[in-house]
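Single-structure report; data block below.
The values are calculated or read from the model by the stated rules, or taken from the named source; none is laboratory data. Note that the structure is a prediction, hence the values are computed from the model and not measured. Here the Cβ positions follow ideal geometry from the backbone for every residue, glycine too, while neighbour counts run over all protein chains shown.
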Amino acid sequence: MSDPLSSKEALLSTLEDHLTKERYSSSTVGHHLAATKKFLVFLDKQHIAVSAVQPTTVERYLYSAQRRYRRLFGHRPQPERWRRAQTAGIHMLLRLVQGHWPPVPKRITGFDLFTHEIADAYANWLAELRGLAPETVSGRLDEARRLLGWLGTREALAIVSVDDVDTYMKSRAGSMRRASIKRIATNLRGFLRWLYATGRTQRNLSTAVVAPTLYAFESIPSALRPQDVDKILSMARQDRTPKGIRDFAILTLLANYGVRAGEIASLRLDDVDWRKEVIRIRHRKTGVTSYLPLLPEVGEAILAYLQKARPKVSFRELFIRCLAPYRPFNDGSSLYALVHCRIDAAGVPAGGKRGPHAFRHARAVSLLRASVSLKEIGDVLGHRASDSTFVYLKLATDDLRAIALETPVEVKL
């Protein structure tokens, strides 16, 4: 007799309770349960416990399910859409039973353990001693892991040479833009410098990393025009669905304060002080905290979201996803698709940035044209150095044209 705790009925009941708790719609619950039940029948026939399922097991099931679909309907299903529909409930059940899905890969080799040890130590140094933002730590850590994987052995790291560094940079550069190659080189230099400082390499190879030269202020940041911002906000305001109300509040924050996407994702309910009419912005990139006046249009947009659109959840983050499971945004990158869609919906011509940062640049330009000092603009944007704000002067092209000198004309005698 099978263990009641591992029976299909008990597992499906556990999944149903989870889906209901996360407030999925009844139709979604029914679909996930039906798809997962077929998977459990497959596991019974294969004599595989749910706790022992591996990614290859799921792939075998999908292959058999696809063949069954073709026999029934005479054609193959749409690959991506059908796959998502089949695996959504299955993956949820596997996470509930196993704790993680996909399974956390086991570190088998000594070099895997060595790599993990170095990555942990480097990440701790970047975050605790250097005080870098989580996004910056993640980028530098990715490059460190990539180099370690490319070297392949502990011995190769101990004797890494200038030629190795050159070969690695060539393998990474490919057809990347100069700015991307520069970023890779910066991350690699930092890691090589740390390896030498901690005695893990015999030479300081950071000076051997060759990178392209990027001249200060050589490029012009892209920014939305004022009329584009107004059009995007107007179109979003017309969408009175919960998602539309939330998106309009986010776009209003971007347009009025020029905050970074990550700063919006991390906003909490207590960051809005309704009595004092201020909003607290934690600039994760610089560690600066700004207290900005709560503008009426911003306050009204946030209040409308809280009253009409925000799901009833225990999370303290201000903005919550609109579909189950109702969770805060993971990070600022989660807002890119949201903003991109709203820009497209407004019919803004393509060109330049089409994510949250385009609003940041647009706000900087509007403040420049309002004769706000660079120091005050930097305070609003959360900059620590004036050079970070100075770059936006290049966007004030109309103002620069007004003071431009005429082109000298050759005078012949």
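Here are the numbers for this structure:
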| read-out | value |
| --- | --- |
| The range 142-157 residues that are in the same structural domain as SER171 (by TED's automatic domain parsing), paired with ones that are small (Gly, Ala, Ser) (beta carbon under 6 Å, 6 or more apart) | ARG145/ALA119 |
| Qualifying residue in the range 186-201 (condition: exposed (fewer than 15 other Cβ atoms within 10 Å of the Cβ), at pLDDT 85 or above and assigned to a loop (DSSP other than H, G, I, E, B)) | yes |
| So THR286, is it touching a residue at least 40 places away in the same chain (Cβ under 8 Å), within 25 Å of VAL137 (Cα to Cα), of a type in the set (Ser, Thr, Tyr) and outside any strand (DSSP E or B) | yes |
| Yes/no for GLY174 being out of contact with any helix residue (DSSP H, G or I) (no Cβ under 7 Å at 6 or more places or on another chain), farther than 24 Å from ASN124 by Cβ and either of a type in the set (Gly, Ala, Ser) or buried (at least 18 other Cβ atoms within 10 Å of the Cβ) (or both) | yes |
| Helices (runs of 4 or more DSSP H) lying entirely in the range 10-121 (those with 3 or more residues that are in contact (Cβ under 8 Å) with a residue 60 or more places away in the chain) | 79-98 |
| Residues of the range 65-84 satisfying the condition of being in contact with a helix residue (DSSP H, G or I) (Cβ under 7 Å, 6 or more places away or on another chain) and either among the aromatic types (Phe, Trp, Tyr) or surrounded by 13 or more Cβ atoms within 10 Å (Cβ to Cβ) (or both) | ALA65, PRO77, ARG83 |
| Single unsatisfied condition, LEU214 versus (1) under 27 Å from the mean Cα position of the chain (by Cα); (2) within 17 Å of LEU141 (Cβ to Cβ); (3) at pLDDT below 95 | (2) |
| Those residues of the range 325-351 which are surrounded by fewer than 19 Cβ atoms within 10 Å (Cβ to Cβ), more than 19 Å from the chain's Cα centre (by Cα) and not in a helix (DSSP H, G or I), in sequence order | ALA346, GLY347, PRO349, ALA350, GLY351 |
| Test: LYS312 is loosely packed, with under 15 Cβ neighbours inside 10 Å and either assigned to a strand (DSSP E or B) or modelled with pLDDT of 80 or more (or both) | yes |
| PRO102 within 30 Å of THR14 (Cβ to Cβ) and touching a helix residue (DSSP H, G or I) at 6+ places or on another chain (Cβ under 8 Å) | yes |
| Total residues in the range 153-179, condition outside any helix (DSSP H, G or I), under 16 Å from ARG203 (Cβ atoms) and of a type in the set (A, V, I, L, M) | 2 |
| Answer residue from the range 298-309, given it is in contact with a Leu (Cβ under 9 Å, 6 or more places away or on another chain) and of a type outside the set (Phe, Trp, Tyr) and is surrounded by the fewest Cβ atoms within 10 Å (Cβ to Cβ) among those | LEU306 |
| Residue tally, condition aliphatic (A, V, I, L, M) and either loosely packed, with under 13 Cβ neighbours inside 10 Å or modelled with pLDDT under 90 (or both), over the range 217-234 | 3 |
| Restricting the range 271-287 to residues that are of a type outside the set (D, E, K, R) and within 21 Å of the chain's Cα centre (by Cα), the residue that is surrounded by the most Cβ atoms within 10 Å (Cβ to Cβ) | ILE281 |
| Every residue from the range 241-268 that is modelled with pLDDT under 95 and either among the basic types (Lys, Arg) or part of a loop (DSSP other than H, G, I, E, B) (or both) | GLY258, VAL259, ARG260, SER266 |
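For (1) over 15 Å from TYR336 (Cα atoms); (2) among the small types (Gly, Ala, Ser); (3) in the same structural domain as ALA133 (by TED's automatic domain parsing), each residue gets a yes or a no:
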| site | (1), (2), (3) |
| --- | --- |
| SER234 | yes, yes, no |
| LEU253 | no, no, no |
| GLY262 | no, yes, no |
| ARG280 | yes, no, no |
| HIS283 | yes, no, no |
| TYR291 | yes, no, no |
| VAL298 | yes, no, no |
| TYR305 | yes, no, no |
